[in-house]
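Comments concern the structure below.
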Amino acid sequence: MLWLLVRVVFRVLRWAAWLLAFLLKHGFRQGRKALRSRPTSHGSARWAGFYDLVRGDALGGSKGLIVGMAYGQFIRFKGDGAVLCVAPQGKGKGVGVVVPNLLDHKGSVIVTDPKGENFAVTQRHRSTLGPVWRLDAIHPEESDFFNPLSMIRKGTFHEDTDTAQLASFLVIPESREGHWDTSAKNVLTAVIRHVLHAYPEEQQTLSLVRELIAAEGETLRGLFEEMASSRIPSIAEQGRITLNGLEHPETQSVLNNTAKGMAFWSKDRVGGWITQASDFRMEDLSREGMSVYLMVPDDKIDIFTPFLRVMMGCAVAALMRSKDRPPPAHKPMLLIDEAKALGRLDILATGMGMLRAYCQTVIIFQDLGQLRALYGQETATTFIAGSGAQVMFGVSDTRTAREVAEGIGRQTVMSSSYGTAAGNLSLVRAQHQDGQSETGRDLLDAAEVRFMNPNQCIIMMPDQVGAPIKGTKVRYYKEWRWRGLYDAWRQAEGVVVTLPTSRWFGDDDDMPDAPTTAGPGYARAGGSRARSR
């Protein structure tokens with residue numbers, strides 16, 4: 001009896017093993033066949049899987065820009081080109097893209113910092129990697145100094161083009177006719193060069209340039225007469241042109257608009273204060289570990305567009321000049337939050353392709369409409385094409401959602417149909433029909449993009465991973481590896497410092513001293529700036 005029971009159990013186990021092997025073999029064969037014959041007549045888009053990310057070297061590691069998470073590891077962009085991030089305000093781009101890369105990146109960095117949150121959270125850690133400079137329009141009394149005129153290579157063949165480039169940063173394109181902008185740039189270029197050659201070094205500031213252009217009557221005429229008699233031909237030529245047309249309404253209009261555009265750099269304003277001297281050289285971004293924060297009030301960000309344009313423009317120019325230097329171990333990172341606030345910055349649009357050789361770039365817009373409004377349809381398309389990675393989350397406007405859905409692609413799915421045809425005679429029964437056909441649908445349609453899980457993001461890195469990625473947003477404060485490296489941010493009311501009345505009347509005795517070089521007279525404690533007396 002026991003022997004019979006053993007034989008029965010043995011046969012049952014043998015049949016179970018055979019059945020399991022058959023099912024596994026058949027399932028594997030059918031799965032392989034299904035993958036091999038995946039329908040693609042209407043599109044072959046699919047989400048990237050684990051092996052796609054591993055094969056593209058996008059999962060984990062310590063190199064590359066952090067753009068999201070998947071399978072418990074960082075998704076890193078290690079290709080060429082910029083990272084274009086599209087995310088509205090309050091959707092987590094700071095905690096998910098900006099701060100993680102500031103904590104992770106070992107090389108130099110320059111970052112736009114609305115509210116000053118990035119500085120407060122990351123400056124302590126960044127100070128362990130190298131010098132930290134804050135150009136702080138929120139608390140100017142605590143700001144470091146940088147004079148954009150220090151970017152001009154005076155006395156070289158580059159002087160004219162460097163000055164023209166700075167003038168293009170100072171003139172914000174607003175008119176539909178480029179003639180007005182060109183005229184303003186030409187006047188500014190000549191006046192800046194005149195300041196460089198006719199005034200002492202300590203007076204060579206944007207405040208002086210604005211003061212000269214805003215003058216009226218005989219004072220203004222005297223400026224252009226001085227320029228017309230300059231020993232430098234190009235300065236003299238522009239001086240004569242402006243002098244001869246000084247009574248012409250068009251020339252007057254150009255000068256008036258230029259003076260208004262330069263108002264931000266007046267002595268009694270934040271722009272004039274921060275640019276009165278230089279604590280550091282922007283060219284040093286191409287070395288290891290230097291950090292520069294461009295801090296502006298988020299509720300007045302449009303007012304500080306000139307400040308962000310000029311400083312970020314100088315940074316881009318400095319990085320593109322670094323090609324003759326030995327490359328650093330880690331490329332500098334250019335991190336532009338709220339890129340709309342820069343206005344149309346042509347050096348950024350035209351230099352997207354070239355910048356990849358000198359730095360890693362992250363550019364953040366609230367939606368693609370902002371990008372197209374600034375640069376126009378054609379240039380914006382080039383801008384997007386020049387980016388090596390696109391990261392989207394929290395998309396809320398329909399047009400951007402449609403464009404994201406288009407960019408992800410379409411997949412081919414099987415559509416089932418079923419119908420019944422009633423018979424018209426008693427001998428003819430009702431006919432039932434069913435069938436399947438291939439059709440196409442978006443991997444995610446516009447509505448699905450808009451109503452995605454708020455913790456998810458869409459990442460496209462076509463040169464690195466051959467399929468779109470549905471990832472998870474990073475939360476830097478949830479990552480154990482960064483514990484103890486960041487500080488809490490508290491948006492406290494700043495101390496309002498009243499400038500002495502003599503500041504407006506040219507008496508420098510009561511004004512705080514401004515250094516002319518980086519280093520001397522300064523000490524750093526806890527990331528804040530303290531002047532030694």
Scanning the range 356-377 residue by residue, those in contact with a Ser or Thr (Cβ under 7 Å, 6 or more places away or on another chain), buried (at least 18 other Cβ atoms within 10 Å of the Cβ), under 26 Å from Arg399 (Cβ atoms) and not charged (D, E, K, R) turn out to be Leu368
Any chance you could count how many residues in the range 246-281 are in a loop (DSSP other than H, G, I, E, B) and more than 27 Å from Glu141 (Cβ to Cβ)? 3
Given (1) touching a Gly at 6+ places or on another chain (Cβ under 8 Å); (2) part of a strand (DSSP E or B), identify the lone condition not met by Ile66. (1)
Among the candidates Met290, Met295, Met320, Met312, residue that is within 23 Å of Gln204 (Cα to Cα) and among the hydrophobic types (A, V, I, L, M, F, W, C): Met312
Meets criteria (more than 26 Å from Ile301 (Cα to Cα), outside the structural domain of Glu141 (by TED's automatic domain parsing) and under 33 Å from the mean Cα position of the chain (by Cα)) for Leu208: no
Are any of the residues in the range 222-242 within 30 Å of Asp144 (Cβ to Cβ) and polar (S, T, N, Q)? no
Output the strands (runs of 3 or more DSSP E) that fall wholly within the range 69-157 and possess 1 or more residues being surrounded by fewer than 20 Cβ atoms within 10 Å (Cβ to Cβ), or say none. 73-77
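Quick grid of which residues meet (1) surrounded by fewer than 18 Cβ atoms within 10 Å (Cβ to Cβ); (2) in the same structural domain as Val171 (by TED's automatic domain parsing):
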| site | (1), (2) |
| --- | --- |
| Leu255 | no, yes |
| Leu294 | no, no |
| Ile303 | yes, no |
| Met312 | no, no |
| Ala315 | no, no |
| Arg321 | yes, no |
I'm trying to understand the selection: among the residues of the range 344-355, which are surrounded by 17 or more Cβ atoms within 10 Å (Cβ to Cβ) and either hydroxyl-bearing (Ser, Thr, Tyr) or under 13 Å from the mean Cα position of the chain (by Cα) (or both)? Leu345, Leu348, Ala349, Met352, Leu355
Among Asp284, Asp299, which is buried (at least 17 other Cβ atoms within 10 Å of the Cβ), outside any strand (DSSP E or B), out of contact with any helix residue (DSSP H, G or I) (no Cβ under 6 Å at 6 or more places or on another chain) and of a type in the set (D, E, K, R)? Asp284
Identify, by number, the condition in (1) out of contact with any Asp or Glu (no Cβ under 9 Å at 6 or more places or on another chain); (2) under 24 Å from His197 (Cβ atoms); (3) not in a loop (DSSP other than H, G, I, E, B) that Ser234 doesn't meet. (1)
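The values are calculated or read from the model by the stated rules, or taken from the named source; none is laboratory data. Just so it is clear, the structure is predicted and the values come from calculations on it, not from any experiment. Cβ coordinates were reconstructed from backbone atoms using ideal geometry, including for glycine residues, and neighbour counts include every protein chain displayed.
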